[in-house]
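Taken together, the values in this text are just the output of simple stated rules run on the coordinates, not laboratory data. If you're wondering where the values come from, they're calculated on a predicted model, not measured in any experiment. Please note: Cβ atoms are built from the backbone with ideal geometry, for glycine as well, and neighbour counts cover all protein chains shown.
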Amino acid sequence: MAKQKELNIPVDGMHCSSCSLLVEKSFGKLDEVESINVDLNTNKAHMVLNKDISPDIIDKNVESVGFTVPKDEVVIQIDGMHCASCVNNVERFLPRVDGVVEANANLSNQKVTIKYYRDMLNLKEIQKTIEMLGFEYIGLDGELDVMDEEERYQKDLRGKLYRIIVGLIFAGILMAIMQFHIMIPPLTMGQLSLIVAIFPFCYVSYPILKAGWNSFKHKNLDMDVMYSMGILVAFVSSVLGTFGIVLDSSFMFYESAVMLPSFLTIGRYLEARAKRKTSSSIKELIG
């Protein structure tokens with residue numbers, strides 16, 4: 001048996017019991033609708049669905065009997081989208097929140113325009129969905145303080161810069177250890193490299209691995225998943241090579257495991273600065 005879902009939609013234009021009956025008859029013909037009850041006092045139709053129904057079908061059925069489904073729009077500010085796959089995830093999952101009709105995400109300014117049924121905006125569920133996808137929910141656009149926004153941007157840049165510095169310094173140390181076969185008895189070169197690499201690997205790779213895991217959980221094989229696989233393969237093979245498990249010492253790539261996320265973070269650092277400059281230029285042109 002298919003899992004049932006409840007949906008409440010507002011309907012404008014009803015004045016009597018005959019009006020509500022028309023709406024009920026219109027939806028009663030649809031295979032997706034198990035049952036429907038229209039409350040004239042609240043001007044809302046409560047439906048029990050046996051499968052998802054598109055907003056277009058809802059609009060078409062309500063309008064076919066002379067009424068309308070009122071909708072509003074809101075813009076929210078989020079952070080963490082890096083590519084078209086991120087945009088696709090946001091636009092695919094937000095309409096699954098009750099009341100949300102459509103979502104359009106803008107990669108350049110990290111804003112999402114949400115169309116929803118009037119009086120049915122659930123910001124807590126929207127925030128929960130955004131965070132479940134691995135992004136940061138900032139708040140409603142227009143309610144954000146300019147100073148807070150600037151502080152958040154500078155904090156994000158500093159975080160990326162710290163990771164870049166740590167990653168490149170430790171990658172250089174690891175390259176020196178591997179190049180000159182440095183050992184500190186009783187530690188072997190591989191064991192010493194593991195000790196040196198473990199902190200910078202976790203620190204620099206964490207945002208990338210977190211984003212990759214969130215994408216993988218939602219069956220979305222985007223660039224974050226690919227980056228995560230490359231980073232993890234380099235680190236895991238190095239650990240196996242260090243202790244001679246399946247692989248030998250020729251498979252130690254600790255410097256690569258730290259260097260790869262460092263270079264990716266450099267790219268995201270430059271991307272964040274470029275987006276900021278573009279956004280500022282657009283604001284200046286608009287006035």
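Along the stretch 29-43, what does the Karplus equation 6.51 cos²θ - 1.76 cosθ + 1.60 (θ = phi - 60°) give for ³J(HN,Hα), rounded to whole Hz, x for Gly and Pro?
Residue by residue, the stretch 29-43 yields 7, 7, 5, 6, 9, 7, 7, 8, 9, 9, 9, 5, 5, 9, 6 Hz.
Compute the length gained on full extension between SER249 and GLN191: take 0.36 nm times their separation in residues and subtract their Cα-Cα distance, giving the result in nm to one decimal. Before the final figure, lay out the partial values.
Working: separation 58, 0.36 × 58 = 20.88 nm, distance 1.07 nm.
So the extension gain works out to 19.8 nm.
Return the FRET efficiency for the residue pair LYS60, TYR203: r is the Cβ-Cβ distance, R0 is 45 Å, and the value is rounded to the nearest 0.05. Working shown, then result.
Numbers: r = 53 Å, r/R0 = 1.18.
My answer for the efficiency is 0.25.
Are there any trypsin sites (Lys or Arg not before Pro) in the stretch 142-244 that are in a DSSP loop and have at most 15 other Cβ atoms within 10 Å? List them by number.
Working: sites: ARG152, LYS155, ARG158, LYS160, ARG163, LYS210, LYS217, LYS219; in loops: LYS219.
Filter output for the stretch 142-244: LYS219.
Report the charge-dipole magnitude of the chain in Debye, nearest 20, computed about the Cα centre from +1 at each Lys and Arg Cβ and -1 at each Asp and Glu Cβ. Before the final figure, lay out the partial values.
Numbers: 29 positive and 35 negative charges, 155 e Å.
Here the chain has a charge dipole of around 740 debye.
Past 27 Å, Cα to Cα, is the threshold; run LYS71/LYS275; LYS60/LYS128; LYS71/LYS217; LYS111/LYS219; LYS5/LYS60 against it and keep the listed order. Mind showing how you got there, number by number?
Working: LYS71/LYS275 31 Å; LYS60/LYS128 30 Å; LYS71/LYS217 32 Å; LYS111/LYS219 24 Å; LYS5/LYS60 20 Å.
Correct reply: LYS71/LYS275; LYS60/LYS128; LYS71/LYS217.
Please list, in order, the residues from the stretch 35-60 whose amide nitrogen is less than 13 Å from a point placed 7 Å along the Cα→Cβ vector of ASP119.
In the stretch 35-60, the label zone of ASP119 (backbone N under 13 Å from the point 7 Å along Cα→Cβ) covers 39-46.
Normalised by the residues of the chain, what does the relative contact order come to in percent, with Cα pairs under 8 Å and at least six apart?
Rounded, it is 14 percent for the chain.
When the chain is treated as a GNM, springs tying every alpha-carbon pair under 10 Å, which of ALA211, ALA45, ALA272 comes out with the largest mean-square fluctuation?
Most flexible of the set in this elastic network: ALA45.
Kindly put LEU247, LEU194 in sequence by how many other C-beta atoms sit within 10 Å of each C-beta, fewest to most.
Values: LEU247 16, LEU194 20.
The fewest-first ordering by Cβ neighbours comes to LEU247, LEU194.
How high is the relative contact order of the stretch 14-55, given as a whole-number percent (alpha carbon pairs under 8 Å, six or more residues apart)? Walk me through the intermediate numbers first.
Details: 48 pairs, mean separation 14.0, N = 42.
Relative contact order here is 33 percent.
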